[in-house]
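Worksheet: one structure, shown below.
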Amino acid sequence: MIRLPVLLLVMTTPAWANTPQQILDNLVQEARQAQPGFTASIARGEQFYRAKQTGGKEADSCASCHTDNPKAEGKHIKTHKAIEALAPSVNKQRFTDAAHVEKWFRRNCREVLGRVCTPQEKADFTAYVLSVR
């Protein structure tokens, strides 16, 4: 018999209790819905991270704010606010909350690309950032 306090504790476990690998796995599954057989690529993710874009409103690449090194602290190109390191290898909070990850993809893709990122772009980007040691 499960007691009510234990049940409530289990039911209120925060949604952010994901691992970066679980986040990546979910993004890959989403990408496979649009492109069956899709496999995330670290190389494509790095290329995407560094690529200069023309559709964005504020930045021309992910690296514009996050620096060429995802392990380094960045700075927003317009507001100059500090941005903590992107790589989970140095920032353990990164890629642990699916809703937070999606929020920042939505916002940053619009700033850099001028559109939402495709599921494939998100999976490749995440694969790259998770590979940075």
Practice problem: Collect residues whose amide H, placed 1.01 Å from N in the peptide plane, falls under 5 Å from the amide H of I83; neighbours closer than 5 in sequence don't count. | Solution: G74, K75, H76
Self-check item: Global geometry of the range 17-133, whether rounded, prolate or oblate, following the gyration tensor of its Cα atoms and the 1.5 cut on a/c
Solution: oblate
Practice problem: Taking the Cα centre of the chain as origin, work out the dipole magnitude from +1 charges on Lys and Arg Cβ and -1 charges on Asp and Glu Cβ, in debye rounded to 20. | Solution: 220 debye
Practice problem: Please say if the range 29-96 is rounded, prolate or oblate, where rounded means a/c under 1.5 for a ≥ b ≥ c the square roots of the C-alpha gyration tensor eigenvalues, and otherwise the choice is prolate for a/b larger than b/c and oblate otherwise? | Solution: oblate
Quiz item: Sorted by mean Cβ packing within 10 Å, highest first, what order do the peptides 22-33, 112-123 take?
Solution: 112-123, 22-33
Quiz item: If each Cα of the range 73-133 is one equal point scatterer, what is log10 of I(q)/I(0) from the Debye formula at q = 0.19, 0.21 Å⁻¹?
Solution: -0.79, -0.97
Practice problem: Report, in deg cm²/dmol and to the nearest 500, the calculated mean residue ellipticity at 222 nm for the chain, where each DSSP H run with n ≥ 4 adds -39500 (n - 2.57) and the sum is divided by the residue count. | Solution: -14500 deg cm²/dmol
Self-check item: Cysteines not pairable in the chain (beta carbon separation under 4.7 Å absent)
Solution: C62, C65
Quiz item: Which part of the range 26-54 falls in the paramagnetic zone of R115, meaning amide N under 13 Å from the point 7 Å along Cα-to-beta-carbon?
Solution: 54
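A short reminder: the numbers here are calculations on the coordinates, not readings from a lab. Everything quoted here is computed from the prediction, not taken from an experiment. We place every Cβ from the backbone using ideal geometry, glycine too, and count neighbours over all the protein chains shown.
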